[in-house]
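The values are calculated or read from the model by the stated rules, or taken from the named source; none is laboratory data. Treat the numbers as computed from the prediction; the structure is a model and nothing was measured. Cβ placement follows ideal geometry from the backbone for every residue including glycine, while neighbour counts extend to all protein chains displayed.
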Amino acid sequence: PPGRAEVPVQVALHPLRDGVPTGGGALVLLEGVDVSAARAAAAEHRAMEARLVAAQRYESLGALVGGIAHEFNNLLAAIVGNLGLALQELPPGSPALESLREADTGARRAAERVKQMLAYAGKTRSELRPLNTLARLRDAVELVRPLVPPLATLHVDLPAHLPPVAGDPTQLTQVIVGLVSNAIEALRDAHGTVTVRAHEAELRGDARPGQHAGAPLLEPGRYVAIEVGDDGTGMTPEVRARIFDPFFSTKFMGRGLGLSAALGIVRAHGGTIDVESEPGSGTTMTVLLPALPIATPVEPPPAPATGPANGRHPEPTGLVVVADDEPAVRSIAQRLLRRYGYESLAAADGREALDLVLAHDRDVALLLLDMTMPRMGGLETLAELRRLDIRIPVLLSSGFSEEEIGPHLPADLRGAVGFVQKPYTPVELVAAIRRIVGIGAAS
């Protein structure tokens, strides 16, 4: 009835020994205690325990993904480097050039995917810059296309033009891939259609997109709207109200980026995610991102691997000690250096590198130092160089990003050493070397 509510009560019966009621029988004291607060506290305790377990699993998964990404970057370093050298060494018109260029493009795309794995593991930092929205959308769709079941359909409806947006390319790709993956999971028995659309939207002052996610009122203006929809099971209002809660999941949200993380990324980009869903009618999630002016210059395509200008190589400029525990990485680094006029010596760990530096003393122009090696890693080698007061330029190299490596360096060395992330192309490696030794721009 109106104005009334059910309250959980713990009931106890206590027989009374004194006094006998008229007509015989016994007296019993009925005691009732409201246990609403106790039940709520117990439920909250169970929820906290579940969140803690989920957080520990997420942390373990992040560490696993980060380690795998690091190992993949080591493997890709040899692939990308050798492809770069081959493209430089083949004469124009060689029939092998087209195949090598396609292999080089595939290797670069693989390196981009590894960056996404590192971002998922929390090993990268957001880097906002003007993006070609349409190109990024197409790339994300192609990445997720292999996940579509045979009996399902992925329908892509993209316009010929879209305004650019300011964003981190890796993180925005993650968001789109995650939303499409979730939409695929929502299909009934792997049957149905997932649709990806995009268009430009004009928001007025009274619009409240993203209200299902508890989002604040967006500023009026031009936005890029990216819609990911499915004709699957849909969501009840109760589920819809919680889908952006940390650690909340349903059976169809097991793959791709978590929705709470996706919303956090989109909000950091000045946008939000709107949700429309009804049980049995499917779900549509709309990512809204502020649009930049059409004339805004956007990210350039990756620079092709090229050799020194006019085929000339610089004169040898000193000895480079290459320290890396991966034989393939040492080999390609030495070949790259030799092609650009540098002499080099190889070491399998920091201890061997220090021995070479001490043996060749003033001839050493640079130490190319991997961060993760057995016996003596990069940080230990740097500490030993300082202890011995050996002052030579150091170029750190790692499968992790510079943002992940930086905090582990001693405060007085941050910014004093160079960094190149694996996998690197010939041009990227030589440019990094020349920056750290002060030679100037690459030829």
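Results, tabulated for the structure shown:
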item	result
Qualifying positions in region 24-74 - of a type in the set (Ser, Thr, Tyr), surrounded by 11 or more Cβ atoms within 10 Å (Cβ to Cβ) and either more than 22 Å from Glu6 (Cβ to Cβ) or at pLDDT below 75 (or both)	Tyr58
Count - residues of region 85-101 that are closer than 24 Å to Gln334 by Cα and in a helix (DSSP H, G or I)	8
When residues of region 6-23 are limited to those that are of a type in the set (Val, Ile, Thr) and surrounded by fewer than 10 Cβ atoms within 10 Å (Cβ to Cβ), the one modelled with the lowest pLDDT	Thr22
Any hit, region 390-400, residues being in a helix (DSSP H, G or I) and crowded, with 18+ Cβ neighbours inside 10 Å	no
Among (1) outside any helix (DSSP H, G or I); (2) at pLDDT below 90 - the single one Gly406 does not satisfy	(1)
Subset of region 342-356 (residues that are hydrophobic (A, V, I, L, M, F, W, C) and surrounded by fewer than 21 Cβ atoms within 10 Å (Cβ to Cβ))	Leu345, Ala346, Ala348, Leu356
Test: residue in region 317-326 that is at pLDDT below 90, among the β-branched types (Val, Ile, Thr), touching a Ser or Thr at 6+ places or on another chain (Cβ under 9 Å) and assigned by TED's automatic domain parsing to the domain that holds Val427	no
The lone exception for Ala268 - which of (1) modelled with pLDDT of 75 or more; (2) surrounded by 21 or more Cβ atoms within 10 Å (Cβ to Cβ) it fails	(2)
Residues (among the β-branched types (Val, Ile, Thr) and outside any helix (DSSP H, G or I)) located in region 351-366	Val364
Flag if Gly205 is in the same structural domain as Ala160 (by TED's automatic domain parsing), closer than 26 Å to Glu49 by Cβ, out of contact with any strand residue (DSSP E or B) (no Cβ under 8 Å at 6 or more places or on another chain) and at pLDDT below 90	no
Verdict on Glu102 being acidic (Asp, Glu), exposed (fewer than 14 other Cβ atoms within 10 Å of the Cβ) and out of contact with any helix residue (DSSP H, G or I) (no Cβ under 9 Å at 6 or more places or on another chain)	yes
Yes/no for Arg362 being on the phi > 0 side of the Ramachandran plot and exposed (fewer than 15 other Cβ atoms within 10 Å of the Cβ)	no
Count of region 339-350 residues which are farther than 12 Å from Val321 by Cα and in a helix (DSSP H, G or I)	1
